[in-house]
Each structure stands twice: as structure tokens, then as C-alpha cells.
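Working notes, beginning with the structure itself.
Here, each number is a calculation from the coordinates, and none is a lab measurement. Since the structure is predicted, the reported quantities are computational estimates derived from the model, not experimental observations. No Cβ is skipped: glycine too gets one built from the backbone with ideal geometry, and neighbour counts run over all protein chains shown.
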Amino acid sequence: MNEEGCRDASQPVRGLGLLSGGLDSSLAVRVLQEQGIEVACVNFHTGFCIQSHTGAIRNPKKGAEPARHDALHAAQSLGVKLHMVDISKDYVRIVTDPKHGYGKNLNPCLDCKIFMVQKAWELKEKLGFDFIFTGEVMGQRPMSQRKDTFPVIDREAGVKGWLLRPLSAQYMPETEPEKNGWVNREKLKNFTGRSRKPQMALAQEYNLTDYPTPAGGCCFLTDENYSRKLQDLWNNRQTKEYSMEDIVLLKAGRHLRPANNYKIIIGRDESENNFLSGLKAGRLTIRAKNLPGPFTLVEGEPNEEELKLACRIAARYGKGKNHHEVTMVVEGKQTSQTFTITPMPAHEILKEWHV
Ligand code: SF4
């Protein structure tokens with residue numbers, strides 16, 4: 001666009017897309033590329049993206065492909081520039097106070113979409129692109145991809161007429177890029193509903209084969225277990241706030257809360273032990289002395305009896321679980337104490353302690 005807001009016709013039309021790296025957003029890019037439109041993409045880091053930590057925390061299953069960042073991988077395959085933008089700080093208010101509420105779990109999808117579209121628009125303006133687009137398909141998701149929610153997103157994000165959805169465009173009102181003749185509406189798609197067959201057929205046509213399964217998910221907020229842990233954190237703090245470290249910590253380990261004033265987080269394998277060990281600052285840690293076992297973090301302020309109980313629980317998950325006695329070492333920044341305890345039998349670990 002030039003200073004008068006008109007685009008320079010000698011330059012290629014440029015669209016900026018939101019790219020998750022999933023099939024739909026990749027196809028949206030290809031549909032526009034097929035028309036000769038110059039495409040670049042943006043991927044947002046919210047703090048809840050599954051790929052940002054999971055690959056680093058979890059040991060890959062034997063023979064499994066190593067973890068990869070889908071958006072980076074897709075951008076590389078599609079030959080587009082990817083802008084990776086960290087929105088995690090401002091995203092807190094979207095998660096803690098979503099105007100449109102939550103989905104099945106603590107996923108504020110509609111507010112999230114509006115926020116990301118706003119951010120994409122800001123970037124589009126900064127970089128001088130002509131319009132923005134997404135890979136959304138009408139009717140595919142219950143909260144944010146519905147015929148009646150698309151206009152809400154466009155209106156509340158302040159992009160009415162300027163957000164193109166190439167995969168469902170033929171079912172939707174014409175957008176400005178179509179009206180201006182920058183994008184050929186005839187070559188856009190008319191996909192609707194939850195079936196992914198049309199997308200898969202189009203992927204085959206484009207020879208796009210290496211895309212993640214839709215079941216893989218990309219956001220911890222749609223995960224029931226994760227949402228439960230986040231809700232537990234809010235309940236116990238009596239405030240809906242979180243830090244980046246809080247939400248990262250919820251991604252790893254076995255979380256047990258034997259009492260309101262403390263919680264223990266037990267590593268489930270070596271990589272989680274290492275990961276939790278990196279987050280020990282400001283917390284007590286528990287390890288078995290001279291025996292292999294999990295690395296355990298203590299959140300909160302347990303008294304001595306509670307600490308002993310925490311040691312008994314932690315010992316249950318270590319090599320000494322069948323020993324009559326195990327010595328556990330509890331360390332803080334400047335403190336170290338040992339407790340000789342009997343590991344707790346499995347049946348004594350109460351169900352309601354598991355967060
Ligand atoms: S699943 Fe997560 S990232 Fe995706 S729209 Fe919902 S809240 Fe946002």
C-alpha cells in the first residue's frame with residue numbers, strides 16, 4: 001500500500017497468513033500461492049503451545065520421529081517466510097478473563113482468535129502486506145470456526161472485510177481483496193464442516209504429504225488434564241493469575257496436592273527429572289539418598305509433617321518403593337535435611353490428591 005492507502009499495481013499482491021503448520025493453514029497458503037500471491041506467515045507463541053516445550057521435556061517413544069515445530073516445518077516446505085511472535089505476556093488476560101468464555105476446557109478459543117487476528121493485522125500494517133488470511137474452515141470447530149462466529153472475529157478484531165479464509169471463502173461474503181480483484185474468488189474453496197476429506201484430497205493434488213494429524217492438537221488449553229491443573233493453581237491462589245514459569249511447570253511431571261498449602265511435582269522419567277531440576281529455584285526439592293528415583297519439586301509451604309508425607313509419596317515412585325525405609329533428602333536454597341521414611345503404599349495415595 002502507498003501513502004494514500006492504494007496498493008502499487010506494479011508490485012505483487014501480498015497476503016499475510018496465520019500458520020499453525022497444520023493441514024488447513026498450509027493449504028490456505030498453497031491456494032493463494034497458486035494464484036501468484038506473495039505469501040508470508042506468522043506463528044504466535046502463547047505460552048500454551050504444545051510444541052514449545054513438550055518436545056524438549058518428553059523422551060520420544062522408541063522409533064518415533066523426533067519432535068519438530070510444525071509451523072517452522074510447514075513454512076520451510078511451502079517456501080514462505082515465517083514471523084514468530086511472542087504474545088504470551090498480553091495473552092494472560094485472554095486466558096484469565098475471556099469475554100466470550102471458555103470451550104470444553106480452559107480454552108478461550110473465540111477471544112484467542114480475535115486477539116491473534118488483531119496481532120496479525122498489526123504485523124500486516126507494519127510489513128505493508130495487502131490483507132491477512134487464515135486456514136479456518138467454516139463449521140470445523142465448535143467455538144471459533146462457525147458461520148456465526150466468523151463475523152464476530154472480524155468485527156471485534158477490527159478487520160471486517162480484510163480477513164480472507166481461502167478454504168471456505170465461496171460460502172462467505174466477498175472480502176475486500178476479492179472485490180479489488182487482487183484475489184480470484186473463483187479459485188478459492190468452499191469447504192465446510194468437520195470432514196477433512198476435501199482438505200486431504202486437495203493436499204494430494206498439491207503433493208502435500210508431510211503434515212501433522214489433526215488429532216495431535218496444538219494447545220494445552222484444550223487438554224482436560226492440563227486445564228484441571230491450571231484451575232487447581234487458580235483455586236489455591238484464589239486468583240486467576242499465572243506466570244510463564246507456572247504454566248510451563250504444569251506441562252511436566254505428576255502433580256499431587258495432599259493439602260491446600262502445598263503441592264508436589266514428581267518427574268516421570270529422566271528428561272522430566274532434568275526439566276524439573278531446572279525449575280528448582282525458590283522451591284524445595286526431594287530426592288532419595290543413594291537410590292535412583294524421581295526428582296520432586298515442592299510448591300508451597302508444607303510443615304515438617306507434611307514434608308515427611310511428601311517424602312513418602314515421592315519415595316513411592318522410586319526404586320526404593322518396596323524398601324522398609326528410605327532416606328530422602330529435602331533441599332532448599334540454603335537448607336538441607338534428611339528424613340528416613342517408609343515409602344507410601346500405592347493404595348494410600350488418595351485419588352483426590354492427584355491434580
Ligand atoms: S485451541 Fe488454543 S490456540 Fe487454538 S484457538 Fe483455542 S485457545 Fe487459541
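Worth a mention:
- By the rule of a C-alpha distance below 23 Å, with chain neighbours fewer than 8 residues away ignored, the lysines paired with Lys160 are Lys99, Lys113, Lys119, Lys124, Lys126, Lys147, Lys179, Lys187, Lys189.
- Placing unit charges on the Cβ atoms only, positive for Lys and Arg and negative for Asp and Glu, gives the chain a dipole magnitude near 960 debye about its Cα centre.
- Among the trypsin sites (Lys or Arg not before Pro) in the range 161-222, those located in a DSSP loop and surrounded by at most 13 other Cβ atoms within 10 Å of their own Cβ are Arg194.
- For the range 254-355, GluC sites (Glu not before Pro) meeting the loop criterion (DSSP other than H, G, I, E, B) and having at most 13 other Cβ atoms within 10 Å: Glu325.
- Cross-link partners of Lys289 among lysines, defined as those whose alpha carbon lies under 24 angstrom from its own and excluding same-chain residues fewer than eight positions apart: Lys263, Lys280, Lys308, Lys319, Lys321, Lys333.
- Radius 14 Å from Cβ of Arg194, net charge of other residues (Lys, Arg +1; Asp, Glu -1): +3
- Principal axes of the chain: Cα extent on each, largest first, Å: 78, 43, 34
- Here's how it looks for Leu284: its modeled amide H is under 5 Å from those of Val298, which are all 5 or more places away or on a different chain.
- Distance between the C-alpha centres of the range 107-133 and the range 221-289: 32 Å, rounded to the whole angstrom.
- Ordering of 23-36, 197-210, 6-19, 77-90 by burial proxy (mean other Cβ atoms within 10 Å per residue, highest first): 23-36, 6-19, 77-90, 197-210
- Theoretical FRET efficiency, 1/(1+(r/R0)^6), r = Cβ-Cβ of Lys187 and Lys147, R0 22 Å, to 0.05: 0.50
- Among Asn290, Leu309, His255 - extreme Cα towards positive end, dipole of the range 252-353, charges at beta-carbon: Asn290
- Taking 0.36 nm per residue of separation and subtracting the current Cα-Cα distance, fully stretching the chain between Lys197 and Ser77 would add 41.0 nm.
- For the chain, the longest principal axis of the Cα atoms and the long axis of helix 224-237 meet at an angle of about 60 degrees.
- Our summary of shape: the Cα atoms of the range 252-353 have principal axis extents of 31, 29, 25 Å, ordered from largest down, in whole angstrom.
- Selection of trypsin sites (Lys or Arg not before Pro), the range 100-131, meeting DSSP coil and at most 13 other Cβ within 10 Å: Lys104
- Ellipticity estimate at 222 nm from DSSP helix runs (n ≥ 4, -39,500 (n - 2.57)) divided over the chain, nearest 500: -9500 deg cm²/dmol
- In this structure, His324 and Asp232 have a Cβ-Cβ separation that, at R0 = 30 Å, corresponds to a calculated FRET efficiency of about 0.35.
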